[in-house]
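What follows is calculated from the coordinates using simple rules that are stated; it is not laboratory data. Note that the structure is a prediction, hence the values are computed from the model and not measured. Neighbour counts are summed over all protein chains in view; Cβ atoms, including those assigned to glycine, are modelled from backbone coordinates with ideal geometry.
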Amino acid sequence: MDVQKLEHLYEGKAKKVYKTNDPDLYWIEYKDDATAFNGEKKGTIMNKGVLNNKISTHFFKLLESKGITSHLVRQVNDREQIVKAVEIILVEVVVRNIAAGSLSKRIGLPEGTMLPKTVLEYYYKDDALGDPLINDYHIQTLNLATPEQMNYIADVALKVNEILREYLRDKKIDLIDFKLEFGTHKGDVILADEISPDTCRFWDVETKEKLDKDRFRRDMGNVEEAYQEVLKRLTGSAE
């Protein structure tokens, strides 16, 4: 069946979601809007939607080749994808390899400190509450996911970390930390949302230059150029 884009269903901070003529598929459009600090800071990054669409597609295809199932069906054009219709699990998973951002502030490790063990964190996906840090007991209390689902999610998150760290090291990029979201599709838990400079911290291996949304958060400038650099290192082209 030829998939057709239908009515607008939902708009998030970074993407618009549309229904399609297939109930099992959604059509998503990546936006240039940028937000930080739970929406307190807002702006626009030129061509961010195009760059994140291409970067995220690249990562999802890489992970699929390694046995990790995601919601990606195919990239439609520069800005849009067709994805499996998922019900998002309201637990954001953050994987940390090197101390940065909120972890540095929370436990006092200087930014850039290599963690002796990969840290896995969970956050309650709730804008009104500011996406608070939660643990397995909170997840069970709020009935956000079953213990079996969370065990699977943790295993997949750590496997994604291994795959991406090794792959990116070859591209001269350190994977500092990153956020993943998961959803259920026909009863199965699969990787969803996106993997991009919006959701990851990427540093140049040698110079430690930031190649991610921290450039927007911290008013460092050259945000679009950093995203372009990531795409160029992944695919050989900045477009």
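List, in the order given, every pair from K42/K210; K15/K232; K42/K179; K84/K213; K41/K171; K48/K117 whose Cα-Cα distance in the structure shown is over 29 Å.
Beyond 29 Å: K41/K171; K48/K117.
Regarding the stretch 5-84, what is the average projected area of its C-alpha convex hull, in nm²?
5.8 nm²
Between A238 and M1, what is the label-to-label distance in nm when each label sits 7 Å out along the Cα-to-Cβ direction?
Rounded to a tenth, the inter-label distance reads 4.2 nm.
From the residues G183, N151, V119, which one has its Cα farthest along the dipole of the stretch 87-221 in the positive direction, the dipole being from +1 and -1 charges on Cβ of Lys/Arg and Asp/Glu about the Cα centre?
Highest projection toward the positive end goes to V119.
Between K208 and S104, what length in nm is gained on full extension when 0.36 nm per residue of separation is reduced by their alpha carbon distance?
Gain in length upon complete extension: 35.8 nm.
Only four residue types carry charge here, +1 at the Cβ of Lys and Arg and -1 at the Cβ of Asp and Glu. Report the dipole size of the stretch 1-132 about the Cα centre in Debye, rounded to the nearest 20.
With only Lys, Arg, Asp and Glu charged at Cβ, the dipole is about 460 debye.
First check a/c for the stretch 87-221, with a ≥ b ≥ c the square roots of the eigenvalues of its C-alpha gyration tensor; if it is under 1.5, answer rounded, and if not, answer prolate when a/b is larger than b/c or oblate otherwise.
Prolate shape, in that a/c is at least 1.5 and a/b is the bigger ratio.
Taking the alpha carbon gyration tensor of the chain, what are the square roots of 5 times its eigenvalues, largest first, to the nearest whole Å?
Values: eigenvalues 129, 104, 63 Å².
After scaling each eigenvalue by five and taking roots: 25, 23, 18 Å.
Would you kindly give the portion of the calculated P(r) for the stretch 172-233 that falls above 14 Å, as a percent of all Cα pairs?
Summing the P(r) tail past 14 Å for the stretch 172-233 gives 58 percent.
Estimate the FRET efficiency between D131 and R165 by the formula 1/(1 + (r/R0)^6), using the beta-carbon distance for r and 22 Å for R0, to the nearest 0.05.
For D131 and R165, the calculated efficiency is 0.35.
Tabulate in residue order the Karplus-calculated ³J(HN,Hα) for the stretch 155-162, using 6.51 cos²θ - 1.76 cosθ + 1.60 with θ = phi - 60°, rounded to whole Hz; enter x for Gly and Pro.
3J(HN,Hα) across the stretch 155-162, in whole Hz: 4, 5, 4, 5, 5, 4, 4, 4.
Taking the Cβ of D155 as the centre, find all other residues whose Cβ is under 12 Å away and add up their charges (Lys, Arg: +1; Asp, Glu: -1).
Taking every other residue near D155 into account, the sum is -1.
What's the ranking of 77-84, 39-46 by average number of surrounding C-beta atoms within 10 Å, highest first?
Top to bottom by mean Cβ count within 10 Å: 77-84, 39-46.
Label M114 and N222 with points 7 Å out from Cα along Cα→Cβ: what is the distance between them in nm?
Inter-label distance under the simple model: 2.6 nm.
Using only helices, what value at 222 nm comes out for the chain when you add -39,500 (n - 2.57) per DSSP H run of length 4 or more and divide by the total residues, to the nearest 500 deg cm²/dmol?
Taking each H run of at least 4 residues, the total per residue is -9000 deg cm²/dmol.
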